[in-house]
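**Student:** Please find one structure pasted underneath; my questions will follow.
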Amino acid sequence: MKISTKGRYGLTIMMELAGRFGEGPTSLKSIAEKNQLSEHYLEQLIAPLRNAGLVKSIRGAYGGYILSREPEQITAGEVIRVLEGPISVVDFTDEDVAAKRHLWMQIRDAIAGVIDSTTLQDLITYREQGQEDNYMFYI
């Protein structure tokens, strides 16, 4: 399975909103500028996220978008499925060899397990393993 720019940029939008959760609405323009993405493209992605109930729009001069739930309650899987559709490695319904069909189902389930157990909070607080805080001490 390959995640398209829809899924990747959609996660970017959601991570930005998660990072600013509780601070009020965030404009797509600010997200686009910060991440060097097309604002027009982000506008196309936000509609399905809003229709799925993952974000809310706030109108007005200081309007924008906010998450509809806390970042701990929204998974990467929800976002990806809204923008990409069902998780599938191959169309295994046509597979006539049971062993291969089982393999494809295991791969699909493993991917679903990872994205469904990863929340937006996990993504915005992620640090590379082994990466320590860099402190500068002056003597």
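FYI, it's all coordinate maths here, none of it is from the lab. Since this is a predicted model, take the numbers as computed values, not measurements.
**Student:** For the range 21-31, what does the Karplus curve 6.51 cos²θ - 1.76 cosθ + 1.60, with θ = phi - 60°, yield as ³J(HN,Hα) per residue in whole Hz, taken in order and with x for Gly and Pro?
**Tutor:** With coefficients 6.51, -1.76 and 1.60, one gets 4, x, 9, x, x, 10, 7, 5, 4, 5, 5 Hz.
**Student:** Which one, Tyr65, Tyr126, Tyr41, has the greatest fluctuation when you compute a Gaussian network model over the chain with C-alpha springs under 10 angstrom?
**Tutor:** Of Tyr65, Tyr126, Tyr41, the most mobile in the Gaussian network model is Tyr126.
**Student:** Suppose we take every Cα in the chain and form the convex hull; what volume per residue is that in Å³? The partial results should precede the final answer.
**Tutor:** Values: hull volume 21.4 nm³, N = 139.
Spelled out: Cα convex hull of the chain, divided by residues, is 154 Å³.
**Student:** Would you mind checking which residues have amide H under 5 Å from Ser27's amide H? H placed 1.01 Å from N; only 5 or more apart, or other chain.
**Tutor:** Result for Ser27 returns Tyr65.
**Student:** Taking H placed 1.01 Å from N in the peptide plane, check which residues at least 5 places from Val55 or on another chain put their amide H under 5 Å from its amide H.
**Tutor:** Those lying under 5 Å, H to H, from Val55 are Arg50, Ser68.
**Student:** Rounded to the nearest 500, what is the 222 nm mean residue ellipticity of the chain from helices alone, with -39500 (n - 2.57) per DSSP H run of 4+ residues and division by all residues? Mind dumping the intermediate values first?
**Tutor:** Numbers: 6 runs with 70 residues, N = 139.
Using -39500 (n - 2.57) per qualifying helix, the result is -15500 deg cm²/dmol.
**Student:** Follow-up. Any idea how many Lys pairs in the range 5-125 come in under 21 angstrom at the alpha carbon, given 8 or more places apart or on separate chains?
**Tutor:** Lysine pairs satisfying the spacing and distance rule in the range 5-125 number 5.
**Student:** Separate question: Out of Glu70, Glu23, Glu84, any idea which swings most in a Gaussian network model of the chain, alpha carbons joined below 10 Å?
**Tutor:** The residue with the greatest mean-square fluctuation here is Glu23.
**Student:** Quick one: helix 98-117 against the long Cα principal axis of the chain, what's the angle to the nearest 10°, folded into 0 to 90?
**Tutor:** 20 degrees
**Student:** Next question, about the same structure. Mean-square fluctuation check for the chain, GNM, Cα pairs under 10 Å: which of Arg108, Arg59, Arg69 is largest?
**Tutor:** Arg59
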